Amino acid sequence: MQPIYRHKFTIREDVIDENGHVNNVVYVQWMQDIAVAHSNALGCTSMTRDVGTTWVVRSHKVEYLSPAFAGEEVEALTWVVNFRKVRSLRRYKFVRIRDNTVLARGETDWVLVDAETGRPRIIPEDVRGAFQLLTEDQEP
């Protein structure tokens, strides 16, 4: 089990805004996409479904550091920082591969909820155990 999930991709033209760079809201979509991919890769998505739960976002935080442009190759990284009773904090980093420039950093506070009622549910031990947590000094 690798604590950091990595995904490389090329920026598509359709995510570029009127300023000529990646639209800010696209990073939030990328954050969600890579979080789901990481969860799927570790079997966490099926574990949460099996117990009648799903993850929802409580909050997103994004820090935009450098613009990104169509055609550039990016590596997105994500990892889980902690688990609390019903919540989990996940962080992200987007790096332009060509020059190793950090484009953006972010985090999402996720809440595990009952899929039918929407009420928070305690995170099961097997879900917690699917992820290796990274402390702040271990973060990339």
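Throughout, read-outs are computed from the coordinates displayed, never taken from laboratory work. Computed from a prediction, not measured in an experiment: that's the story for all the values here. Neighbour counts are summed over all protein chains in view; Cβ atoms, including those assigned to glycine, are modelled from backbone coordinates with ideal geometry.
Using only the alpha-carbon atoms, how far is helix 24-41 inclined from the longest principal axis of the chain? Give it as 0 to 90 degrees, nearest 10.
For 24-41 against the chain, the angle is about 50 degrees.
Would you mind computing the Rg to Rh ratio of the range 45-140 from its alpha-carbon coordinates, Kirkwood style for Rh?
We get a ratio of 1.06 for the range 45-140.
Please report, in debye to the nearest 20, how large the charge dipole of the range 42-140 is about its Cα centre when each Lys and Arg carries +1 at its beta carbon and each Asp and Glu carries -1 there.
Magnitude of the dipole: close to 340 debye.
Check each of the trypsin sites (Lys or Arg not before Pro) in the range 8-54 and keep only those in coil by DSSP with at most 12 other C-beta atoms within 10 angstrom; list them in order.
Answer in residue order: Arg12.
I want to make sure I understand the PRE zone here: with the label point 7 angstrom from the Cα of Ile122 toward its beta carbon, which residues in the range 37-63 have backbone N atoms less than 20 Å away?
Answer for the range 37-63: 47-56.
Using 12 Å as the cut-off for backbone N distance, which residues of the range 63-106 belong to the label zone defined by a point 7 Å from the Cα of Phe9 along Cα→Cβ?
From the range 63-106, the list is 74-77.
Given Cα positions, please report Rg to Rh for the range 1-91, the hydrodynamic radius being the Kirkwood one.
Reported Rg/Rh (Cα atoms, Kirkwood Rh): 1.01.
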